[in-house]
Amino acid sequence: MVNYAYQPPGYSAATSATMSAFLRTIILCLIAAAAMASREFAVVRFESIIHEFDPWFNFRATRVLAKDGFYEFWNWFDPTAWYPLGRVVGGTLYPGLMVTSGLIWKALHTLSIPVDIREVCVQLAPLFSGLTAFATYLFAREVGNGASKEATGLWAALFIGIAPGYISRSVAGSYDNEAIAIFILMSTFYLWLKAVKTGSVAWGGVTALFYFYMVAAWGGYAFITNMLPLHVFVLLCMGRYTSRLYVAYSSFYAIGTLASMQVPFVGFLPLLTSEHMSSLGVFGLLQIVAFVQLVRSHIPAKQFKVLLRAALAVGALLAFGALWFMTKSGKIAPWTGRFYSLWDTGYARIHLPLVSSVSEHQPTAWPSFYFDLQFLVYLFPAGVYICFRELRDEHVFVIIYSVLASYFAGVMVRLMLTLTPVVCVSGAVAISSIFETYLDPVVPEPPTPVGAIVADTPISDAEALSTPSSKKGKKAASSGTSSPTPRKKRSFVPGIFGLDSRVAPLLAFTMMAGLFVLHCTWVTSTAYSSPSVVLASRNQDGSQNIIDDFREAYYWLRQNTKEDAKIMSWWDYGYQIAGFADRTTLVDNNTWNNTHIAMVGKTMSVSEEVAYPILRQHDVDYVLVIFGGLLGFSGDDINKFLWMVRISEGIWPEEVSEQKYFTSRGEYKVDGDATETMKNSLMYKMSYYRFAELYGGGPAQDRVRQQIIPNTPIQLDTLEEAFTSENWIVRIYAVKKEDPLGRDHKSANAFANGKRKKRVKTAGKKKRSSA
Amino acid sequence: MLLARLAFAAVLAALAVADYLPSSRILVVSDDGLELSRYALFWSSLRERGYDIAFKSSKDAQPPLRDHDTLVFDHLILFAPSSKSFPPELSPQSLYSYVKQGANLLVVLSPDLSEFWRDFAREFDIDFDDRGHLAIDHFTYSPELDDGSHTTLLIPLADAPTPFISPATRAGPPLLYRGTAHAVGRLPLLTNILHAPSTAYSYEANGEDAPTEDLYLSGSTTGLVSALQAKNNARISFVGSLDLFSDAFASAPVSTSAGSASVRSGNTAFIADLTRWTFGESGLLRVEEIRHARTSDGATADLYRVGDELVYDIDVSALQDGSWHPYLADDLQLEFTMLDPHLRLPLTTSSAEPTSSTTASRFSARFHAPDRHGVFTFKVDYRRAGWSFIDEKTVVSITPPRHDQYERFITGALPYYGGAASVSVATIGFVVLWLLQ
């Protein structure tokens, strides 16, 4: 007779299985719905609008796909981007996202649901986050232990559904590659675990197909490319070679690599770059190991050991030598700079100012881990620990994943995204094992040895005994049953006795989970649901005030400039100008050409006289700057200005020098103490042109930098102010045409202001007139 | 309004017969005390050429020169050398704004020119000599008209530049000139049309002291008439002599080659040529048509592929003697640029001789698009003194081949084809053997 702490519901096994399946389905659907709903803050608060910067390009590309069809999209050459270099868009993007939403749009239209392509794009991320919850459920179920498998899956689905780390890049309107990539990532990992477990070619092939989808969708596919081989490699090192592993990996690698090469942007990279070499190397190693296994089955163990050692040493040496030679001789491209910056956080700052200027490439601040993951942060190590206890193949996978992702998330803010799924899974493992332990109604038998017969409880007794118990349980054991039999070792049985010791931890963790939900909702609504194209502020009475300067300015450009006008701005705004204003830009967020960006940076950093010929050479009609000084909008161009200087200094060190923009005391100032170079730079002049006039002689305060701008008027000769938005956030300047009389603009302006030109006479003349 | 419509219709009709009708409203601004009747021949010659002339004193504020944003005149003749101040709409800035709007200016000055004009001319890189200084030459003065100060110069027109001055005028009798001189700057837009002979200098005419060696202007650097064509093709001419336009000079006899029968001076012809050029009746180039295409199928497109053979045609005609003719030149160039010129090619006229019916000559270039994708510009930038500028830009994109335009089978890849085929065959063979086992 089994002791129960509380009476379990007395359903038959079949009823209970049906009920749990039914509940599972309901819960999963609810989780998916919650995941989608929590991402709609932005749409409810603002409107159905594409957010941020990159999504604008994706949206524009999707529109081309929807309008002109797949082949036009595939061969799309965009002459309006990167003027005058142009951009071969079809060959330089990951088309997965656009094709996905294009297909959804097409399907809806086939069903006679006339949805605008924009709505599809806006809602794609929430839709896929629902799917991600499902994929994570499947993945975590593979990882979970015994009877708590399903619970682990559901917890993981719940966590990934609302974890801010993932929401930050998948709210409605955040139409970016990451929106679908996490779903594909988790699906690929799930399928991979399935393939390793079953050793079936079919599962391996499906894994490869999802890998192909990932390659087509996101540059982060390299994570899978390295994760799976590493898993295989670690398993091999642990001596866990099986033919299942061989079949899974070989079929995955062969199909996956061939498929990935079909994406034009990837092309032959899988054979040429170092990032992809690990998967190739592991593939080769696996063949060798398989061959060795074959040999071993045919020759005696002793000779085999010698043979193995020799072969391994020679093989490793050869492989390493070959890799070194190929890299040196240029057959394999060395690691790219972005990749180096993953290992050495200082590398980018020194060698790649462009890469490190991107805010999402900055190292992660510690508080943001808690901000994005809340109580998962401390469930995470517990989950990893539980993985160590059993250490099945899939647990090894989770461990590797968590180590790698933790490191990368610490290096780069944006890689928090790849960490979040594994944290959710580990957290789910931990919390489900806690709940399983404390919900288990079975009270262990007191030490008096009686062979109890296992009744038909929902959870078999053997499993209940194998589940981990806590120290609290031990305490409960000592107090619960008052049988202090002083028998040495056998005296204590691990387990939980009594109802109170079960209720207390359950309540605690339920409350923590509840707080997690509150935290996620709060973070999502306050931090991650702003379109960043439209800003919101609170008035003093608490009402919302929408600041719509960006759209105001972009629509001004659309309405008031020639259709082929070229707009120069810092690259951050390139995609938005192209998307909103439909005008040609010089540089944009697809930062493929460092020199071109440095050229724009140089134009902004140097004086008017130097900048004007560059502006003319690039046929620039308008220059757009973002200025937050009036409103206190800190993400403006003056704050980004040092990056422009640094990036252009990298190309033209003799013309631009960062030092000259700092005062003698090493401060970055825009007030009266600013250096001459700073005051003469085009960026400074454009930002503060007529700024002091706003204050009517009073101190003109820049509210971002808290400095007083001197009220000496700024003279712009080669540019004229064309537009300034309501709150001065966007300022647009028109580049003047060349003077019809061939004068430089300075003297032309002097003439226009009524100044007389000094007579240039020979010295002889002067001598005579004075004599 | 109706009148304007009629005028417009007339312009259209004129264009239809390929005849050139110059824009025809001239405003003359003169000094207050200037006797306009002294230049009656000049006015009548302009009227004969179809111009409407309106007069206005430099002191008058009315009538306005602008009606809303359009000018009420096409050409401005400034006969006001000695006026010191002008109403705001004749300020240097306003005059410059008319030039910017495309109006042509004929600025006629005299030795008692005011500082106003000297400042104004300086913006055009022309520096007039001090007030009261005249161009003096003791060798080439006109014995008939000179008062003894040797300031009425007799200047041969033989080396006046084309197309400002027509060949007939150059071959004709010399010009009578009495006025101030100027230094000609280095501005490329500026051309000196007439300069004093090498024995001339600029000095006070009745000065007692002999000229010293440090003269401001002497010899052939002494500019008399200069013209400038702004980048928007507006034309401005500076003439240092009011007398040059006078009836007295126009009808005065000059003796050529010492003692032979004297003829009328070259002034009338010179003035006609100068006003023709200044008011856009000569020295005009017109781009009739620009065509670019792929030679393989002759199609014009916005996108061409890397390596396509392209052909670029530009039809240019020139205004000569009041009608459009083919422009003959061998120095036109085409640039195919993206930031920098990737190709710079001579534009050659087609071998077929232009028939009498064609009014334009076709220049063309044929080349392969460079192996570089991007946004390229066909650029013809042709600037020759006296001719209106050609600055034509046509933007096209050069793109990489489409996905289906690459070669399907490459002979160099035969080993790989063989490898793929042999592996396939071997696999099938293996499967068959396996199944038969």
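Things worth noting here:
- Expressed as a whole percent, the accessible area of region B:285-399 that falls on carbon and sulfur atoms is 44 (1.4 Å probe).
- When the helices of chain B are scored as -39500 (n - 2.57) per DSSP H run of n ≥ 4 and the total is divided over every residue, the value at 222 nm lands at -6000 deg cm²/dmol.
- Members of region B:384-409 that become less accessible by 50 Å² or more once partner protein chains are added (1.4 angstrom probe, chain alone as reference): B:R402, B:H403
- Peptide B:372-380 shows a mean partner chain C-beta count of 4 within 10 Å per residue C-beta.
- With the helix formula -39500 (n - 2.57) applied to DSSP H stretches of n ≥ 4, chain A reaches a computed 222 nm mean residue ellipticity of -18000 deg cm²/dmol.
- Kirkwood hydrodynamic radius (C-alpha pairs) into Stokes-Einstein, the protein assembly as shown, 20 °C and 1.002 mPa s, D in µm²/s: 57 µm²/s
- Å² per residue, accessible surface of region A:539-583 at 1.4 Å: 43 Å²
- Cross-link pairs beyond the 26 Å C-alpha cut-off, checked among A:K602/A:K737; A:K194/A:K302; A:K562/B:K231; A:K106/A:K194; A:K566/A:K660; A:K67/B:K379: A:K194/A:K302; A:K106/A:K194; A:K566/A:K660; A:K67/B:K379
- Spin-label pair B:D69-A:S747: with each label point 7 Å from Cα along the Cα-Cβ axis, the two points sit 3.0 nm from one another.
- Each other residue within a Cβ distance under 13 Å of B:L65 adds +1 if Lys or Arg and -1 if Asp or Glu, for a net charge of -2.
- FRET efficiency estimate (nearest 0.05) - Cβ-Cβ, A:T92 to B:D381, R0 30 angstrom: 0.35
- Surface accessible to a 1.4 Å probe, per residue, for the residues of region A:185-320, Å²: 46 Å²
- Members of A:K685/B:K59; A:K669/A:K746; A:K640/A:K746 lying beyond 30 Å, as alpha-carbon distances in this model show: A:K685/B:K59
- Normalising the average separation of contacting C-alpha pairs (under 8 angstrom, six or more residues apart) by the number of residues puts the relative contact order of region B:285-399 at 29 percent.
- Averaged over peptide A:64-77, the number of partner chain Cβ atoms lying within 10 Å of each residue's Cβ comes to 2.
- Taken one residue at a time, the phi angles of region A:213-230 give Karplus couplings (6.51, -1.76, 1.60, θ = phi - 60°) of 4, 4, 4, 6, 9, 8, x, x, 4, 4, 5, 5, 4, 9, 5, 5, x, 5 Hz. Gly and Pro are set to x.
- The C-alpha atoms of chain B define a longest principal axis, and helix B:414-436 lies at about 30 degrees to it.
- Degrees, to the nearest 10: A:637-651 long Cα axis against longest axis of chain A: 90 degrees
- Pairs of Cα atoms farther than 21 Å apart, region B:355-437, %: 67 percent
- Folded to 0 to 90 degrees: helix A:177-198 orientation relative to chain A principal axis, Cα: 30 degrees
- Karplus (6.51, -1.76, 1.60) ³J(HN,Hα), θ = phi - 60°, over region A:26-40, in Hz, Gly and Pro reported as x: 4, 4, 4, 4, 5, 4, 4, 5, 5, 4, 6, 5, 5, 9, 9
- Charge tally around B:D52: other residues with Cβ under 12 Å, Lys/Arg +1 each, Asp/Glu -1 each, net +2.
- Taking only protein heavy atoms and a 1.4 Å probe, the accessible area of chain A is 63% carbon and sulfur.
- Whole-Hz ³J(HN,Hα) from phi, Karplus 6.51 cos²θ - 1.76 cosθ + 1.60, for region A:87-95, glycine and proline x: 9, 7, 5, x, x, 10, 9, 9, x
- Here the label points at A:Q293 and A:L312, each 7 Å from Cα along the C-beta direction, are separated by 1.6 nm in the simple model.
- Charge tally in the Cβ shell below 13 Å around A:L719, where Lys, Arg are +1 and Asp, Glu are -1, A:L719 excluded: +1
- Cleavage-rule hits, GluC sites (Glu not before Pro), region A:1-99, DSSP coil, Cβ neighbours within 10 Å at most 12: A:E47
- Global size of region B:18-278 as Cα Rg and Dmax, reported in angstrom: 17.8, 60
- Whole-number percent relative contact order across chain A, with pairs defined as alpha carbons under 8 Å at least 6 apart: 13 percent
- Per residue solvent-accessible surface (Å²) - chain B, probe of 1.4 Å: 48 Å²
- Mean separation of Cα contacts under 8 Å (6+ apart) over length of chain B, as relative contact order %: 12 percent
- Shielding value for B:226-235 is 2, the average number of Cβ atoms from other chains within 10 Å of each residue's Cβ.
- With at most 10 neighbouring Cβ atoms within 10 Å, loop trypsin sites (Lys or Arg not before Pro) (DSSP) excluded, longest segment of chain A: A:1-486
- Pairwise burial B:A, computed as accessible area of each alone minus the pair, summed, 1.4 Å, Å²: 3300 Å²
The values are calculated or read from the model by the stated rules, or taken from the named source; none is laboratory data. Small disclaimer: the values here were computed from a predicted structure and weren't measured. Positions of Cβ are backbone-derived with ideal geometry, glycine not excepted, and every protein chain shown enters the neighbour counts. These accessible areas exclude ligands, DNA and RNA; they are computed on the full protein's heavy atoms, side chains included. Shrake-Rupley method; radii C 1.70, N 1.55, O 1.52, S 1.80 Å.
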